[in-house]
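Take a look at the structure set out below.
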Amino acid sequence: MLYLINPIKIIVLLTFLVGLFFLKLKNPTHQKVLGILFICFVNEFVALILKAQGLPIDNLFNINIIIHNSLWLLIIGCFLNNTKILCIAYIFFGFVNLLFFEGFSKFNYYTFVFGALLYTSIFIYLSFKQLKRENLSFFLSNDYILLFAPVLFFLGLSLMFSFKSKLLTSTYIFDGIKLYTFINYFVNIIYYFFISLYIYKEKKKGYV
């Protein structure tokens, strides 16, 4: 099973441990961030066990996507009047897609892409809203670091998943490195770096 362990799994584990030690459960935002890190940790290491036993992992990832993206929608919703209805709509879409369209037998591309585009659209709207108010301090805040953390992750993976082409994602761009592997590593490293930076700055401010 050790041969299945890659740097991303190690980064997920380390970031989860950092969050576990330094985030406070009394803080609503910290709760959601820790929930995201926990679900990512469970997903990676349950997938590791399933792969080692030759079992399918599509449904594991399908459920993970719904929970993961919903938590990010709840986080960004705290900075707007109310986006709970969008989160509920997304969860509904995810389970309808799982039950009636893309199904249990394969990875649910549309669920990921829809959630990613929804979050990114809200992020852009919120950014322009703060810019219009000339609230430049918002863009230097730790909250903005957190909100930005999944943007490249969502955009990078959505660009690949939207084509639903294994031929495209399996294309070799360097010696022995596939397009999917390159983008997956790049966006995940950025993703967990910004989450770790958020946790560090929260700790430095004395919030954790």
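Among K32/K166; K84/K129; K129/K164, which pairs are too far apart, with a Cα-Cα distance over 23 Å?
Numbers: K32/K166 33 Å; K84/K129 19 Å; K129/K164 34 Å.
Cα-Cα > 23 Å for K32/K166; K129/K164; rest within.
Under the Karplus relation 6.51 cos²θ - 1.76 cosθ + 1.60, θ = phi - 60°, what is the ordered set of whole-Hz ³J(HN,Hα) values for the stretch 26-40, x standing for Gly and Pro?
Using θ = phi - 60°, the values come out as 6, 8, x, 5, 4, 4, 5, 4, 5, x, 5, 5, 5, 5, 5 Hz.
Expressed as a whole percentage, what fraction of the accessible surface of the chain belongs to carbon and sulfur atoms when a 1.4 Å probe is rolled over the protein heavy atoms? Present the calculation step by step, with values, prior to reporting the outcome.
Values: 8280 of 11740 Å².
Looking at the chain in its full context, I get 71 percent from C and S.
Gaussian network model of the chain, Cα springs within a sub-10 Å range: biggest mean-square fluctuation belongs to which of I88, I11, I177?
I177
Tell me which aspartates and glutamates have Cα within less than 17 Å of K203's Cα, excluding those fewer than 8 residues away on the same chain?
D143
Under the definition of Cα pairs under 8 Å and six or more residues apart, what whole-number percent is the relative contact order of the chain?
Values: 202 pairs, mean separation 44.7, N = 208.
It rounds to 22 percent for the chain.
Across the stretch 134-141, in residue order, what do the Karplus-derived ³J(HN,Hα) couplings come to in whole Hz, using 6.51 cos²θ - 1.76 cosθ + 1.60 with θ = phi - 60° and x for Gly and Pro?
Per-residue couplings from phi come out as 6, 8, 5, 5, 4, 6, 9, 7 Hz.
When ligands, DNA and RNA are left out and all protein chains stay put, how many square angstrom of accessible area per residue does the chain have with a 1.4 Å probe? Don't jump to the answer; show the numbers that get you there.
On the way: 11740 Å² over 208 residues.
Value returned for the chain: 56 Å² of accessible area per residue.
Just how many % of Cα pairs in the chain lie over 26 Å apart, if you round to the nearest whole percent?
Within the chain, distances greater than 26 Å cover 36 percent of Cα pairs.
Residue by residue, what Karplus-based ³J(HN,Hα) values in Hz, rounded to whole numbers, does the stretch 19-25 have, using 6.51, -1.76 and 1.60 with θ = phi - 60° and x for Gly and Pro?
Listing the rounded values in order: x, 4, 7, 10, 8, 9, 5 Hz.
The values are calculated or read from the model by the stated rules, or taken from the named source; none is laboratory data. Values in this document were obtained by computation on a predicted structure and should not be read as measured data. Each accessible area value is taken on the protein alone, full model and side chains, heavy atoms only, with ligands, DNA and RNA left out. Shrake-Rupley method; radii C 1.70, N 1.55, O 1.52, S 1.80 Å.
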